[in-house]
1. Which of the residues belonging to segment 321-341 are among the polar types (S, T, N, Q) and surrounded by fewer than 18 Cβ atoms within 10 Å (Cβ to Cβ)?
2. For a quick check of your reading: which strands (runs of 3 or more DSSP E) sit entirely within segment 366-429 and have at least 2 residues that are away from the ligand (no atom under 14 Å from the Cβ) and without any contact (Cβ under 8 Å) to a residue 60 or more places away in the chain?
3. When you check Ser294 against the structure, is it closer than 30 Å to Thr221 by Cα and either at pLDDT 95 or above or surrounded by 21 or more Cβ atoms within 10 Å (Cβ to Cβ) (or both), yes or no?
4. Need the failing condition index for Gly151 against (1) closer than 28 Å to Ile338 by Cα; (2) small (Gly, Ala, Ser); (3) free of Cβ contacts under 8 Å to residues at least 12 places away in the same chain, just the number.
5. Among the residues of segment 178-193 satisfying the criterion of being of a type in the set (Ser, Thr, Tyr) and surrounded by 17 or more Cβ atoms within 10 Å (Cβ to Cβ), which is farthest from the ligand (Cβ to nearest atom)?
6. In segment 383-394, is there at least one residue being modelled with pLDDT of 95 or more and either of a type in the set (D, E, K, R) or surrounded by fewer than 18 Cβ atoms within 10 Å (Cβ to Cβ) (or both)?
7. Please find, among Gly160, Gly129, the residue that is modelled with pLDDT under 95 and more than 12 Å from the ligand (Cβ to nearest atom).
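The values are calculated or read from the model by the stated rules, or taken from the named source; none is laboratory data. In this text the structure is predicted, and so the values were computed from the model without any measurement. Virtual Cβ from ideal backbone geometry, glycine too; neighbours counted across all protein chains shown.
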Amino acid sequence: MDRIRIVGGRPLVGSIAISGAKNATLPLMIASLLTDQTLVLDNVPRLADVGLLQRILGNHGVDVMVPGKRPGDTPDNGHTLHISAARIVDTTAPYELVSKMRASFWVIAPLLARMGEAKVSLPGGCAIGTRPVDLLIMALERLGAKIDIDGGYVVASAKGGLKGGEIRFPKVTVGGTHTAIMAAALANGSTLIENAAREPEIADVADCLNKMGAKISGAGTSRIAVEGVAKLSGARHSVLPDRIETGTYAMAVAMTGGDVLLEGARPELLQSALDVIAQSGSEVSATNQGIRVSRKNGGIMPVEVTTAPFPGFPTDLQAQLMALMTRAKGTSRITETIFENRFMHVQELARLGAHIHLDGETATIEGVGKLKGAPVMATDLRASVSLVIAALAAEGETMVNRVYHLDRGFERLEDKLSACGAAIERISG
Ligand code: EPU
C-alpha cells in the first residue's frame, strides 16, 4: 500500500488547478443509467472512486469509453467519459460492489425508473457513522415503488412504472435528493420534493438531466419540482469544480502561510468556508481565474464553527478545519451535526501533538505552538487529508499511511502540493 511522506514547515506558493467535483461526478455517472443514449461527461477527476463506479456500472451493462489524450490536454484538464447504458443487462447491484462505495446504492433510482425493478445491496456501516438509507427508500415508495428488504438487499419494483408524488424529507439528505430527482425524472406525472438538499452538486446533476430532456425546476433550492418525461436522451456536460478540494487547499495555505491561486475555483460554492478561513486570519479574494488565498504575517485565529447542510459549513471540510485550528492562537470549537462519528482524525492529530477534547458532537481544540511529525493513518478520505494539512506545518517527517483513502477523492494531491513548494512525496509499495 502506498504511503505519503511529508516534511513540514514550508509555505505554499504558486497555483493549484481545481479538479471536477467527485460528489457531482458520481451521481452524474449514475444518471447515465436513465437513457439508452450516450452521456458525455467532461472535467471528470481521475479518482479511485470514479474507476470503482465505472466497474459497478459495468456490471449493469454500461460501457464507459475514455478517449485518448488529445493535443493540448494537460493533466489539469480532467478527462472525458463517454458513458453508454444502451442495454441494461442486470438490475442487481451486489454487496461486494456496493459495500465498497456507498454512493453506488443510488443506482436503485435510475434502474427502477427505467427498468421497473432493481435489487441493490444495503450499503452497511462506514467509518463516519451509520449512514442509513431509510429516506431514500421512503422517497421511492412515495413514487409508487414496492420495496422489500430480503437477505440484505433492497428489492424494489414498480410494475407499470413510477408515478409522480410528493416527497417531504424530514432531514436534509444529499443522496435522498439525488435519488428522488432521478426517479421522478422518468415517473409518470409531476413530483414535488420538499426540504431538498441545496448542495451545488444537486443543481449540477439536475442541470445535466435537463440537458438530457428532463423537466426539473428549483434544483439548488429546498423545493424541487419534476415533471416526469417518457424518455431521456444523451447529452454533454462538464462537471462543476470541487468545492471540497478547493476548501482543503485553502486551509492548507492558511495553515502553512504563503500565497496560492486556486485556479477555476468558484467562491459561491463554498462561501461559508471561505468566511471562516478569512476569520482565521488569511486573506481570501475572488479573481477572474479563481480564488486567491494568502497568509503573510500574523498567526491563525481561533474560530467557532458548526457543520450544516449547504449553504452552511460543510461536514466534508470539518476535519481539515480542525487540523488548521490545532495551530490557532487560542481555543476553537467545532460541532459536527451531520454525521455522528466523524471524528476519527482526532486521535491521529493528537499523535502530531494536537490538543483536542471531544464532548459528544463538539470538539474543543487548544491551539499549540508547534506540531511534530509522526506516523499516522486515517480511516476515511477527509480525515486523511486533514492529517496532510497538519503534517505540512509539523516539524520533521510525517508518514501518512493507507493513502488509498486520499486517492478516492483527491486527484494528484502530492503533485499539486509539491508544485507549490511542499516537501511531499508518494512512496509506493
Ligand atoms: N440520512 C438518514 N437516512 C437516509 C439518508 C441519510 O438518516 O436515508 C442521514 C445521514 O445519516 C446523515 C444525514 O442524513 O446524518 C445526511 O446524509 P446525506 O444523505 O446528505 O449524505 P450522503 O448523500 O450519503 C453525501 C456526500 C458525502 C457528504 C454528505 C453530506 C456524496 C457521494 N457523498 O453523502 O460526502 O459528507 O453528502 O454533505 O455526495 C465525502 O465526499 O467524503 C462524503 C462523505
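1. Within segment 321-341, Thr331, Thr335, Thr337, Asn341 meet the criteria.
2. Per the criteria, 375-377.
3. no
4. If we test Gly151 against (1) closer than 28 Å to Ile338 by Cα; (2) small (Gly, Ala, Ser); (3) free of Cβ contacts under 8 Å to residues at least 12 places away in the same chain, just (1) comes out false.
5. Step one: of segment 178-193, the residues of a type in the set (Ser, Thr, Tyr) are 179, 190-191.
Still in the list and also surrounded by 17 or more Cβ atoms within 10 Å (Cβ to Cβ): 179, 191.
Values: Thr179: 9, Thr191: 18 Å.
Going through the qualifying residues, I end up with Thr191.
6. no
7. Being modelled with pLDDT under 95 and more than 12 Å from the ligand (Cβ to nearest atom) holds for just one of Gly160, Gly129, which is Gly160.
This table checks each residue for (1) buried (at least 24 other Cβ atoms within 10 Å of the Cβ); (2) closer than 25 Å to Phe310 by Cβ; (3) of a type in the set (Ser, Thr, Tyr).
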| residue | (1), (2), (3) |
| --- | --- |
| Gly151 | no, no, no |
| Glu166 | no, yes, no |
| Pro170 | no, yes, no |
| Gly176 | yes, yes, no |
